[in-house]
1. What residues from the range B:70-91 fall in the zone where the backbone N is under 11 Å from a label point 7 Å along the Cα-to-C-beta line of residue A:52?
2. Given points 7 Å out from each Cα along the Cα-Cβ axis, report the residue B:70 to residue B:154 separation in nanometres with one decimal.
3. How crowded by other chains is A:35-43, given as the mean number of beta carbons from other chains within 10 Å of each beta carbon?
4. Would you please state the base-10 log of I(q)/I(0) at q = 0.13, 0.26 1/Å for the range A:2-78, with intensities from the Debye formula using one equal scatterer on every alpha carbon?
5. Give the order of A:73, A:56, B:43 when sorted by the count of other beta carbons within 10 angstrom, beginning with the fewest.
6. Per-residue mean of other chain beta-carbon atoms within 10 angstrom of the beta-carbon, peptide B:68-78?
7. To test your reading of the geometry: what angle, between 0 and 90 degrees and rounded to tens, separates the Cα axis of helix A:24-35 from the longest principal axis of chain A?
8. Between B:150, B:199, B:112, where does the largest GNM mean-square fluctuation fall for chain B, given springs only between Cα atoms within less than 10 Å?
């Protein structure tokens, strides 16, 4: 999210949303791997593999980003 | 229920950690694996759990081949890693429902006298012993048929250790357990089979004296 906010300040909200969905997820997973490596087991013991977590996160990000990008575009056109 | 591991081999670069290791775990058994630091105990557990790739490993689950990558998905083995695996910002009482939807199971943990005292505390503020006890309790109550515990007695005060030992024994009707820990006396009290990893091989151990013979303990 922080990374997306930085992108939004340098470009526009649409680019920020694209970064959030397609690049942010990789950065998020990479950061988690570096900073919270042992915490993967919290999910693994629940039957969640890294791939499943990745797919779920991607779709949640997409579901959040699409309406936000839509609202942002409408606001941009209006104002 | 049976989990049979064979031909487990792991190299880090050119360095051989262990070669052609075999191990069988059945319901009702506690298999203890002893060994000096860096001998490959945790590596073996991670390979069985599918978390670390080995050079080779074969796993049979009730005589059927299963890939290590299926172990997490199929929830066959639960795993307590050496390091704490719980998010530091969540309270104990918030973690329990994430792991158990059934109220009965939740209550079994909530009403544990040790847990009742710390249920409002975030895990990041628990003492290492309290945290370890809570982690063991969580892993132990899960429905997986097998459980691997990497240093479950680490940092536990004696009274917590006794509770953990009682708990593990009570689970043996429906679980098989692998334990690695340097607290060999505590492990010997509850284990049914003992093994020592030494020079990349697993040896059967019957008594504490065997541990001395292999140089794990001082004579």
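No lab work stands behind these numbers, since they all come straight from the coordinates. None of the values given here were measured: they were computed from a predicted structure. All Cβ positions, glycine included, derive from the backbone under ideal geometry; neighbour counts span all protein chains shown.
1. B:70-76, by backbone N distance to the label point.
2. Output for this residue pair reads 3.1 nm.
3. What the average comes to for A:35-43 is 6.
4. Per q value, in the given order, log10 I(q)/I(0) is -0.47, -1.18.
5. Result, fewest neighbours first: A:56, A:73, B:43.
6. Partner-chain Cβ atoms within 10 Å, mean over residues of B:68-78: 3.
7. So the helix axis and the longest Cα principal axis differ by about 40 degrees.
8. Of B:150, B:199, B:112, the most mobile in the Gaussian network model is B:112.
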